[in-house]
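Written out below as structure tokens is the structure these notes cover.
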Amino acid sequence: MEQIATIVEEMLPLDAERREEYALWSAIVEWERQHPPEGGSVTWNDQRALHRQCIAALRGHEPIREPGQATHPHPDAQVELWAALLHTFVDGLAAQIMNTPGEVSAGTAAQLLRSLLEAVPRAHRP
């Protein structure tokens, strides 16, 4: 779980460098919003694929190694549900950190993320 949290934290603007990266990412998202690609948002799909892989790993699934396969729905419905929850949570937490500086500390953000990841139900293995 700690490795997954560390990966996801890279998408959160928890320090000066990641705030700059987040600002750049926001500009890319805005450009994509103004120039919608055929087939849907590339940035959204890439983020969802990462969240899907993280949740799948927490549930004990092998990582998807085929390029582009992680952008397709996972056969485990719980992976899809929790990937959506994680994606929404990370976007919201990042927005809070950027839009209301000082209200959510890096430590609090990290703790909240870990609390969510701990809540992900692990797959039952026979």
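Things to note:
- Verdict on ALA94 being more than 21 Å from PRO121 (Cβ to Cβ), among the small types (Gly, Ala, Ser) and at pLDDT 95 or above: yes
- Note on the stretch 93-114: residues that are surrounded by 10 or more Cβ atoms within 10 Å (Cβ to Cβ) and either hydroxyl-bearing (Ser, Thr, Tyr) or in a helix (DSSP H, G or I) (or both) total 15.
- One residue stands out among those in the stretch 51-66 that are out of contact with any helix residue (DSSP H, G or I) (no Cβ under 9 Å at 6 or more places or on another chain) and free of Cβ contacts under 8 Å to residues at least 24 places away in the same chain: the one that is farthest from ALA110 (Cα to Cα), which is GLU66.
- GLN69 more than 16 Å from the chain's Cα centre (by Cα) and without any contact (Cβ under 8 Å) to a residue 60 or more places away in the chain: yes
- In the stretch 13-28, of all residues being part of a helix (DSSP H, G or I) and of a type in the set (Asp, Glu), the one that is surrounded by the most Cβ atoms within 10 Å (Cβ to Cβ) corresponds to GLU21.
- No other residue among TRP82, TRP31 is part of a helix (DSSP H, G or I), exposed (fewer than 11 other Cβ atoms within 10 Å of the Cβ) and out of contact with any strand residue (DSSP E or B) (no Cβ under 6 Å at 6 or more places or on another chain) apart from TRP31.
- Total residues in the stretch 11-50 satisfying the condition of being of a type in the set (Asp, Glu) and within 17 Å of VAL104 (Cβ to Cβ): the figure is 1.
- The stretch 48-70, residues that are surrounded by 15 or more Cβ atoms within 10 Å (Cβ to Cβ) and in contact with a Lys or Arg (Cβ under 9 Å, 6 or more places away or on another chain): LEU58, ARG59, ILE64, ALA70
The values are calculated or read from the model by the stated rules, or taken from the named source; none is laboratory data. Please read all numbers here as calculations on a predicted model, not as lab measurements. In this analysis, Cβ positions are derived from the backbone assuming ideal geometry, glycine residues included, and neighbour counts consider all displayed protein chains.
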